[in-house]
């Protein structure tokens, strides 16, 4: 996927040091935490406990799932995979990441900064998501990378904090909506993961849909803001929320379809079942805060979709990991490095 490097940056403005980005973002975080230190500390402790529990359980499940796997057969399946299927999966990965760039574009419109060109939003999105998710530190690294991109175009720490919140909101709205629909249509698909009967899983879809609908109605009534006068958070309008959900569903659908085309024919895994487990695996991977959800995502896929014949699924997972996580991670690092190198050379060239 091609993402243009910001050529319209102000020529008389030197890039700020990377430490300045950390200092500004950290100052914002510290100020917000000091407003409710006790409650924040308790929530942070609970979050660490939940993440650690998910990671440990996933590792144990993965170790059990990988028993008696014939790795030579896994490699043989990879080498026999139709190049056309790999090419199609790569195209779907590009489509998924292209839709991710719209997360930032919507966020910029919500905070009333439509003057920022799309290429800058695409650059910020494509560099921040693969790197932050690949390192397992989304809440820390994503704001810093976005600040490095957007501060060069006049956005401050508050703007970047709003963008990060809104892009996260788009992700969760899309994923939870897809999960609710999947649970309603195929409630038995996730039973191997949550050990709940299909009827109860279908019942879980109801509060999810009600909550999303309530948020949509609440936001439709007018412009909404959270936070304080000093640290305001602008929320999207109702029509924008609908657009967020649509983009989130499209992004998720493209990623799940990329996984689907890599699974060898004859595995008899339906797309709805795959999508339901894929959503749950993605959310568990994010909740665990492990780099790229490694171990957690894989365990959820193998447990939720696996049977006795796990080699084809493991082969598909390896190829999906390469196309969806490793390749974008490397490209994003090179792209961000090129931006930083260009900015560092610009003052020298101007002299």
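The values are calculated or read from the model by the stated rules, or taken from the named source; none is laboratory data. Worth saying up front: this structure is predicted, and the values here are computed from it rather than measured. Here the Cβ is made from the backbone with ideal geometry for all residues, glycine too, and neighbour counts use every protein chain on show.
Examine segment 49-66 for a residue that is modelled with pLDDT of 80 or more and within 24 Å of residue 327 (Cα to Cα), and state whether such a residue exists.
Checking segment 49-66: not a single residue is modelled with pLDDT of 80 or more and within 24 Å of residue 327 (Cα to Cα).
Given the condition part of a helix (DSSP H, G or I), within 20 Å of residue 294 (Cβ to Cβ) and at pLDDT below 90, answer yes or no: does some residue in segment 69-90 qualify?
Looking through segment 69-90, at least one residue is part of a helix (DSSP H, G or I), within 20 Å of residue 294 (Cβ to Cβ) and at pLDDT below 90.
State which residue is nearest to residue 236 (Cα to Cα) when the search covers only segment 73-115 and only residues that are touching a strand residue (DSSP E or B) at 6+ places or on another chain (Cβ under 8 Å) and crowded, with 18+ Cβ neighbours inside 10 Å.
110
Go through (1) more than 29 Å from residue 287 (Cβ to Cβ); (2) surrounded by fewer than 19 Cβ atoms within 10 Å (Cβ to Cβ) one by one and return the number of the condition residue 158 breaks.
Going through (1) more than 29 Å from residue 287 (Cβ to Cβ); (2) surrounded by fewer than 19 Cβ atoms within 10 Å (Cβ to Cβ) one by one, residue 158 breaks only (1).
Tell me which of these residue 189 doesn't satisfy, since it passes every other one: (1) crowded, with 21+ Cβ neighbours inside 10 Å; (2) within 30 Å of residue 127 (Cα to Cα).
Against the list (1) crowded, with 21+ Cβ neighbours inside 10 Å; (2) within 30 Å of residue 127 (Cα to Cα), residue 189 comes up short only on (2).
For every residue, the table says whether it meets (1) surrounded by fewer than 19 Cβ atoms within 10 Å (Cβ to Cβ); (2) in contact with a strand residue (DSSP E or B) (Cβ under 7 Å, 6 or more places away or on another chain); (3) at pLDDT 90 or above.
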| residue | (1), (2), (3) |
| --- | --- |
| 242 | yes, no, yes |
| 253 | no, no, yes |
| 258 | no, no, yes |
| 261 | no, no, yes |
| 285 | no, no, no |
| 324 | no, no, yes |
| 351 | yes, no, no |
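Inspect segment 132-139 for any residue being over 21 Å from residue 248 (Cβ atoms) and either in a helix (DSSP H, G or I) or without any contact (Cβ under 8 Å) to a residue 60 or more places away in the chain (or both) and give the result as yes or no.
yes
Condition check: touching a residue at least 24 places away in the same chain (Cβ under 8 Å), under 19 Å from residue 325 (Cβ atoms) and either surrounded by fewer than 18 Cβ atoms within 10 Å (Cβ to Cβ) or under 21 Å from the mean Cα position of the chain (by Cα) (or both). Does residue 70 satisfy that?
So residue 70 does not fit the description; no.
Find the helices (runs of 4 or more DSSP H) located wholly in segment 233-351 whose residues include 2 or more that are in contact with a helix residue (DSSP H, G or I) (Cβ under 8 Å, 6 or more places away or on another chain) and either free of Cβ contacts under 8 Å to residues at least 40 places away in the same chain or farther than 26 Å from residue 149 by Cβ (or both), and list them.
Those helices (runs of 4 or more DSSP H) span 238-262, 271-288, 296-305, 311-320.
Among the residues that make up segment 186-209, is at least one of them more than 19 Å from residue 278 (Cα to Cα), in contact with a strand residue (DSSP E or B) (Cβ under 7 Å, 6 or more places away or on another chain) and part of a helix (DSSP H, G or I)?
no
Select from segment 107-131 the residues that are outside any helix (DSSP H, G or I) and either more than 14 Å from residue 150 (Cβ to Cβ) or in contact (Cβ under 8 Å) with a residue 60 or more places away in the chain (or both) and list them in ascending order.
Of everything in segment 107-131, those that are outside any helix (DSSP H, G or I) and either more than 14 Å from residue 150 (Cβ to Cβ) or in contact (Cβ under 8 Å) with a residue 60 or more places away in the chain (or both) turn out to be 111, 112, 117.
For residues that are surrounded by 16 or more Cβ atoms within 10 Å (Cβ to Cβ) and modelled with pLDDT of 90 or more, tally how many sit in segment 192-201.
Looking only at that region, the number is 0.
On the given criteria, is residue 159 more than 24 Å from residue 327 (Cα to Cα), at pLDDT 90 or above and in contact with a helix residue (DSSP H, G or I) (Cβ under 9 Å, 6 or more places away or on another chain)?
yes
Identify, from the list 230, 221, 225, the residue that is in contact with a strand residue (DSSP E or B) (Cβ under 6 Å, 6 or more places away or on another chain) and surrounded by fewer than 16 Cβ atoms within 10 Å (Cβ to Cβ).
Unique residue meeting the criteria: 225.
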